[in-house]
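Contents: one structure, followed by commentary.
The values are calculated or read from the model by the stated rules, or taken from the named source; none is laboratory data. For clarity, every value in this text was computed on a predicted model and none was experimentally measured. Glycine also receives a Cβ, built like all others from the backbone with ideal geometry; neighbour counts cover every protein chain displayed.
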């Protein structure tokens with residue numbers, strides 16, 4: 001099969017052996033896969049990500065990832081081609097998705113991360129292996145490219161749930177990239193209002209307006225707190241979702257949030273960062289770092305997309321083929337793009 005392989009810091013399209021489904025697995029043809037910010041980070045900071053995972057006690061990374069080529073891609077929808085032993089109940093042709101892990105008794109904790117494994121290829125290729133017990137049928141009528149946003153949609157859902165948001169409570173979202181916009185969608189869904197979004201890119205600010213932000217702020221030209229106070233008539237937001245993940249934004253979030261407020265850290269900063277703890281102490285802030293989602297939240301996100309109660313389609317900038325994938329990683333440095341979807345069969 002053809003796939004994009006990350007070797008060191010080089011991305012290239014290669015021909016690999018098509019994987020064979022083992023017990024309890026299915027082989028599936030990838031229909032669509034989103035490009036995730038984590039993949040952009042991995043292409044640039046893979047060694048740092050592995051080191052950070054080890055320092056935090058995580059066992060999700062294959063030891064061989066640092067030296068072997070890997071096929072990334074974990075935001076996917078696929079069509080079953082061939083079930084393995086014990087998975088025959090899943091019929092070929094069925095569209096499915098799942099949380100991006102494989103049940104593997106030989107892996108640490110019995111789980112292997114799809115897209116970050118030297119053993120199993122991710123969905124930046126023509127085929128992917130999936131574990132039958134984790135499969136979720138894709139709702140009929142849901143386009144492949146929208147179904148492929150289930151994973152980041154679940155990330156936004158998890159962030160909102162971990163913040164314990166209440167209907168009518170106001171919030172500020174820093175950053176209108178894919179995760180910031182997913183967080184915005186779920187805040188709207190949960191009845192949070194008003195919602196302000198800060199973003200540098202005019203294209204992404206327009207997307208935030210389209211997706212329901214009550215207030216959109218360009219922080220380069222407008223002081224954020226001043227805009228908030230004029231629009232919302234309160235001193236500061238009680239909850240700030242930091243969805244940017246670059247050096248300095250965590251400190252900015254602490255300065256923006258109200259006294260006794262909460263900062264929900266969703267963005268992933270790949271460098272060491274510095275904060276002034278006295279700001280958080282004086283304001284008695286709560287900082288909460290969130291990661292991923294639960295299997296139940298993943299299923300809830302897919303159901304919401306199927307019913308149309310959450311609509312991520314405006315975020316999809318374009319759909320590309322596999323050969324265009326390496327250059328798309330460079331293109332996503334330009335914030336005019338939001339969500340690029342790869343269709344490997346194109």
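Applying the criterion of at least 2 residues that are surrounded by fewer than 18 Cβ atoms within 10 Å (Cβ to Cβ) to the strands (runs of 3 or more DSSP E) found wholly in the range 233-346 leaves 286-289, 316-320.
Of the residues making up the range 207-226, those that are touching a strand residue (DSSP E or B) at 6+ places or on another chain (Cβ under 8 Å), in a helix (DSSP H, G or I) and either surrounded by fewer than 19 Cβ atoms within 10 Å (Cβ to Cβ) or touching a residue at least 60 places away in the same chain (Cβ under 8 Å) (or both) number 1. Any idea which residue in the range 63-81 is farthest from residue 110 (Cα to Cα), counting only those that are surrounded by fewer than 20 Cβ atoms within 10 Å (Cβ to Cβ) and at pLDDT below 70? The selected residue is 67.
Looking only at residues in the range 190-206 that are buried (at least 16 other Cβ atoms within 10 Å of the Cβ) and not in a loop (DSSP other than H, G, I, E, B), the one that is nearest to the chain's Cα centre (by Cα) is 204. One residue alone among 335, 344 is modelled with pLDDT under 95 and in contact with a strand residue (DSSP E or B) (Cβ under 6 Å, 6 or more places away or on another chain), and that residue is 344. The C-beta contact set for the range 21-39 (first residue touching a residue at least 24 places away in the same chain (Cβ under 8 Å), second residue in a helix (DSSP H, G or I), distance under 6 angstrom, 6+ apart or interchain) comprises 24/132; 26/132; 31/144; 32/144; 32/145. Exactly one residue out of 167, 139, 133 is in a helix (DSSP H, G or I), farther than 17 Å from residue 243 by Cα and more than 16 Å from the chain's Cα centre (by Cα), and it is 133. Against the test of being at pLDDT below 95 and more than 21 Å from the chain's Cα centre (by Cα), the options 7, 2 yield a single qualifying residue, 7.
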